[in-house]
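First up is the structure itself, then whatever we jot down about it.
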Amino acid sequence: MYQNIKRRLPLIGIAVIVALLILLFVFSNDTYASDEIRSVSDAAAYLSDFGWEIEPQPVSVRQVEIPAKFSEIYEEYNDLQKSQGFDDLSQYRSMTATVYTFRILNHPTTANVFANVLVIDGTVIAGDVVSYAIDGFLTGLDKVTD
C-alpha cells in the first residue's frame, strides 16, 4: 500500500499545482474595475494591459450619462460588462461617465476597431471593443486571438 501511495504522490502534487494555477487565474481576471484612471495616459496603459496596441492619442474623450432607464440594447451592454467582471451598471444610473475611445492598431481580424473605457471617479465601470462596419461587432476588452 505504501508503494501505491508513493507512486501517486507526484500526480497528486501536479493536480494541486494545476488547481492553484486555475484559482489564481480566475481570481486575477475576475474584475478590471480596480484600476484607477485619471488621465488619457492611464486609459491607454489600461488598454495595453489587455495586449491592445493603440494610437497614443484618443479618438475622443467625452462625457456620457448612464441612462436612468435601460433600453434592451443597454441591458445587453450591461450583461457584456458583467460577463467580464464589471459591476452591474444599474448602480450608475443617471451618473456621468468619461468615455476614452482609442483606435486599436493590432486587431487580428479587421481594421477600424476601437476600444472604449468608461470611467466614473477614476474607476473603470465598463469597457468594450467595437467595430462600426456593416458586419461590425461589440465584444469585451479581452484580446481576440487569431
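Where a number appears in this text, it was derived from the coordinates with a stated rule and is not lab data. All of these numbers come straight from a predicted model, not from anything done at the bench. Glycine also receives a Cβ, built like all others from the backbone with ideal geometry; neighbour counts cover every protein chain displayed.
Assuming a ≥ b ≥ c are the square roots of the Cα gyration tensor eigenvalues, decide whether region 41-84 counts as rounded (a/c under 1.5), prolate (otherwise, with a/b larger than b/c) or oblate. Because a/c hits 1.5 or more and a/b fails to exceed b/c, region 41-84 counts as oblate. With r as the distance between the Cβ atoms of A111 and E36 and R0 = 35 Å, compute the FRET efficiency 1/(1 + (r/R0)^6) and round to 0.05. After rounding, the FRET efficiency stands at 0.65.
Placing a pseudo-label 7 Å from each Cα along the Cα-to-Cβ vector at A45 and D79 gives an inter-label distance of 3.6 nm.
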